[in-house]
1. Select from the range 1-45 the residues that are part of a loop (DSSP other than H, G, I, E, B), surrounded by fewer than 24 Cβ atoms within 10 Å (Cβ to Cβ) and touching a residue at least 40 places away in the same chain (Cβ under 8 Å) and list them in ascending order.
2. Does any residue in the range 100-128 that is of a type in the set (Gly, Ala, Ser) come within less than 9 Å, Cβ to Cβ, of a residue that is outside any helix (DSSP H, G or I) six or more places away or on a different chain, and which pairs are these?
3. Starting from residues that are acidic (Asp, Glu) and under 18 Å from the mean Cα position of the chain (by Cα), keep the ones in the range 142-174 and report whichever is surrounded by the fewest Cβ atoms within 10 Å (Cβ to Cβ).
4. Which of the residues belonging to the range 11-27 are under 17 Å from LEU56 (Cβ atoms) and under 19 Å from the mean Cα position of the chain (by Cα)?
5. Looking at LYS121, LYS104, LYS76, which is the one that is basic (Lys, Arg) and at pLDDT below 95?
6. When the range 133-186 is examined, which residues are found to be assigned to a helix (DSSP H, G or I) and among the small types (Gly, Ala, Ser)?
Amino acid sequence: MSPVSEYLSLPGDTNEKSILVIGESTVAGVGASEASQSIGAHLYHHTGEKSALLNLGKNGLKASRLRSLLLHGLDKEKKVFDVVVILIGANDCFKFTPPHKFRKAIKEFVDMLETQIGTTKIILPEIPPVHQFPAIPGLLQFFLGWHRKLLAAELKLLAKSNTKINLLELKHDFEPDFYAKDGIHPSDIGYNHMAKKISELFI
């Protein structure tokens, strides 16, 4: 399935907070039918379409590449994002990234957001339930679930050390229509569900 929202820039009121959504295939819109059904577009809608929103996604992205993705896609005239939503971790599970390296990469990116981008709030949804993806075979589900647990623990430690980080837990009892046909990525319905949950942290 092809990405539909690797780069998406949506306008907002000048006096409203600006939003950055950045991360892996879920931000790139893999599984969505079109850009308007991507998580960035849905989040823009659920937050009232008043905040300018920049959506930067890359299929296959790992945490260590977040900084380069931002620098590559950033509008040189706009370097301030009040709220940043980071969707990352699935590929680090699939590639079995060492937990300490995963945490280090996230921390360095968060530090960059705070010192260079002016970010005051970071929303970090938990790592996708890679071990429950319908398309993943049983034995691999076990190892992915184990590694996901290790990486999730690193995110919790990081959040405890930084009050600007807001971890978002998502229930994993998704209905079948949450997933796209590939059995891995969210569908239009799935993306809308995720965006609605994320938007609740904006209140």
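1. Once the filter is applied, which keeps residues that are part of a loop (DSSP other than H, G, I, E, B), surrounded by fewer than 24 Cβ atoms within 10 Å (Cβ to Cβ) and touching a residue at least 40 places away in the same chain (Cβ under 8 Å), the range 1-45 yields MET1, PRO3, GLU6, PRO11, GLY12, LYS17, SER18, VAL30, SER33.
2. ALA105/LYS62; ALA105/ILE88; ALA105/THR97; GLY118/LYS79; GLY118/VAL80; GLY118/PHE81; GLY118/ASP82
3. Here the answer is GLU169.
4. Within the range 11-27, SER18, ILE19, LEU20, VAL21, ILE22, GLY23, GLU24, SER25, THR26, VAL27 meet the criteria.
5. LYS76
6. Passing the criteria: GLY138, GLY145, ALA152, ALA153, ALA159.
Every residue, every condition in (1) open to solvent by 50 Å² or more (accessible area, probe 1.4 Å); (2) hydrophobic (A, V, I, L, M, F, W, C), yes or no:
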| position | (1), (2) |
| --- | --- |
| GLY118 | no, no |
| PRO125 | no, no |
| VAL130 | no, yes |
| ILE136 | no, yes |
| LEU140 | yes, yes |
| PRO176 | yes, no |
| ILE189 | yes, yes |
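For every residue, the table says whether it meets (1) modelled with pLDDT of 90 or more; (2) among the aliphatic types (A, V, I, L, M).
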residue	(1), (2)
LYS149	yes, no
LYS156	yes, no
LYS160	yes, no
ASP177	no, no
GLY183	no, no
PRO186	yes, no
ILE198	yes, yes
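The values are calculated or read from the model by the stated rules, or taken from the named source; none is laboratory data. This structure is a prediction, so every number in the text was calculated from the model and none was measured. Because the Cβ atoms are built from the backbone with ideal geometry, glycine has one as well, and the counts that use them run over all protein chains shown. Just so you know, the surface numbers come from the protein's heavy atoms only, side chains and all, with ligands and any DNA or RNA stripped out. Shrake-Rupley method; radii C 1.70, N 1.55, O 1.52, S 1.80 Å.
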